[in-house]
Amino acid sequence: MKTRVTEIFGIKYPIVQGGLAYLAYAELAAAVSNAGGLGQITAATLRTPEKLREEIRKVRALTDKPFGVNFAIARHDGQYQELLEVVIEEKVPAISITGGNPQPVFERIKGKDIRTLVLVSGVRQAQKAEELGADAVMAVGQEGGGHLGRDDLGTMVLIPRVTDSISIPVLASGGIGDGRGLLAAFALGAEGIEMGTRFIATQECIHANEKYKQAILHANETDTVIIKKTLGSPGRVLKTGYTLDIIEREQEGATYEDLKDMISGQANCKYIYDGNEEEGFGWVGQVIGLINTIPTVQELFDEMIATAEKEQSRIGMLFGEKNHR
C-alpha cells in the first residue's frame, strides 16, 4: 500500500496511532510500528525529559521501525521545549502536534530530519499547517474521541474539504476503526488514517484498565457525549453519570474554575487506569459502535487490510468488469 504518507514516514501502511494521553506508551507504539503503521508515544503525560528519553529508548528496544512522539501543546502550558530537545537529541523520526499553535515547534526543528504531522479540524488550520511546513495533516471529524474542533464538522465532509484546500497529504481521523473506514478515507481523498479509540481496545494498550476496554466493547455509537463545549474546548467522552453531571453543570453556567478538577488529567486517569467511573471519565469516539473485539495490534492490521481489499474488490465490481480492469 503506497501513498505519500507511507513514503514520507517510511511505513508499510498509512495508519497512524493517535497520541492517546496517558495511554500511548512504548508497548503500544512499538506494536503499531511493527505491524506496519506509525506508532506514537505521548510527551505530555511523560512530563519530564528523563522519562521521555527512557520511553523513546524503550520503543527502540521493541522495534526498529519508524515511530513518533506526540506533543499536545495545550497540555504542556508552554513548557514543552525541554521535551522537544530530547526528541531532537534522540533523533526521533517523526512528531505530531495537537492542540495548539505549532509554529514554535517548527522553528526549533527546522533543518532537523524530523517528519511532522499536525492535527487539524478545519480548512484554515490545515492551510496554516501547510504554510508552516508540515509534512502532512490529520483532519479529525466530530465523530472522533478526545478534543475536537468547534465547528461540528463530520469526517465525511471535512476530509474532501481539507484535501481540496492543501497540497500536502491528509490523513482522515474520526469514526474510523476498520478496513471499511480505511477504504472510505481513500475515497474521500485522504492518503492515510489516524485512529485513537480503536487502539485502546487492543492487547498492547496495557495501561488501559479492563473496565475501560470492556466499556468500549459493549457501548454503542450513541453512548458518547461532548463535554467542555461551553469552555471552548469540546471533547468526546464515554457517556456515564459522571460525564452527564459535567454537562449539566456546564448548562447551569459553571466556569472552568468550577469544573477544573472534574475535567482534569487526574480525573481522566481515575477512570482509564483504575476504572473509577464515579470520579473520572474516559475519552472515546463514536467508533465504539464498531468495536467488539480486543485483538493484538497485528491482528487488527491484518483484519483491516483484508477487509479493505475485499471491499475494494466489491466496489470495483459495482462499476462492471470493464472499469474494474
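Highest first, please rank the peptides 251-258, 1-8 by the mean number of other Cβ atoms sitting within 10 Å of their residues. Don't skip to the end; give the middle numbers.
Values: 251-258: 10.8, 1-8: 17.0.
The densest-packed peptide leads the list: 1-8, 251-258.
For region 4-207, what is the charge dipole size about the Cα centre, in debye to the nearest 20, if Lys and Arg each add +1 at the Cβ and Asp and Glu each add -1 at the Cβ?
Working: 21 positive and 24 negative charges, 22 e Å.
The calculated dipole for region 4-207 is roughly 100 debye.
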Exercise for the section: Take every Cα pair under 8 Å in the chain that's 6+ residues apart, average their separations, divide by the length, and report that relative contact order as a whole percent. Expected result: 16 percent
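How big is the antiparallel share of DSSP beta bridges in the chain, given as a percent to the nearest 5?
Working: 7 of 35 bridges.
Counting DSSP beta bridges with both partners in the chain, the antiparallel share is about 20 percent.
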Practice task
Please give, to one decimal in nm, the separation of the simple spin-label points placed at K112 and E299, each 7 Å out from Cα toward the Cβ.
Solution key: 3.8 nm
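Please compute the length gained on full extension between L231 and E279, using 0.36 nm multiplied by the number of residues separating them and subtracting their Cα-Cα distance.
Values: separation 48, 0.36 × 48 = 17.28 nm, distance 2.02 nm.
Taking L231 through E279 to full extension adds about 15.3 nm, to one decimal.
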Fill in the blank from the handout: Using the Cα gyration tensor of the chain, the equivalent ellipsoid's semi-axes, largest first and to the nearest Å, work out to 28, 24, 20
Completion exercise
The set of residues whose placed amide H lies less than 5 Å from the amide H of N70, leaving out same-chain residues fewer than 5 positions away, is I41, T42, A43, S96
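Can you give the extra length, in nm with one decimal, that the chain gains between E311 and R249 once fully stretched, where that is 0.36 nm per residue apart less the Cα-Cα distance? Show your work: numbers first, answer last.
Details: separation 62, 0.36 × 62 = 22.32 nm, distance 4.48 nm.
Extra length available between E311 and R249 comes to 17.8 nm.
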Handout entry: Helical mean residue ellipticity (222 nm; -39500 (n - 2.57) per DSSP H run of 4+; nearest 500) of the chain
Key = -12500 deg cm²/dmol
Exercise for the section: Provide the gained length on full extension for the span N101 to M1, in nm with one decimal, where the gain is 0.36 nm per separating residue minus the Cα-Cα distance. Expected result: 32.8 nm
Exercise for the section: Tell me which residues come under 5 Å, amide H to amide H, from Y273 once H is placed; ignore anything under 5 positions away on its chain. Expected result: N209
Practice task
Distance check, please: which entries in K65/K128; K211/K270; K51/K260; K2/K58; K12/K213 exceed 23 angstrom between their Cα atoms?
Solution key: K65/K128; K51/K260; K2/K58; K12/K213
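Computed from the coordinates by the stated procedures, all read-outs in this text should not be read as laboratory data. This is a predicted model, so every value here is computed, not measured. A quick note on method: Cβ atoms are made from the backbone with ideal geometry, for glycine too, and the neighbour counts reach across all protein chains shown.
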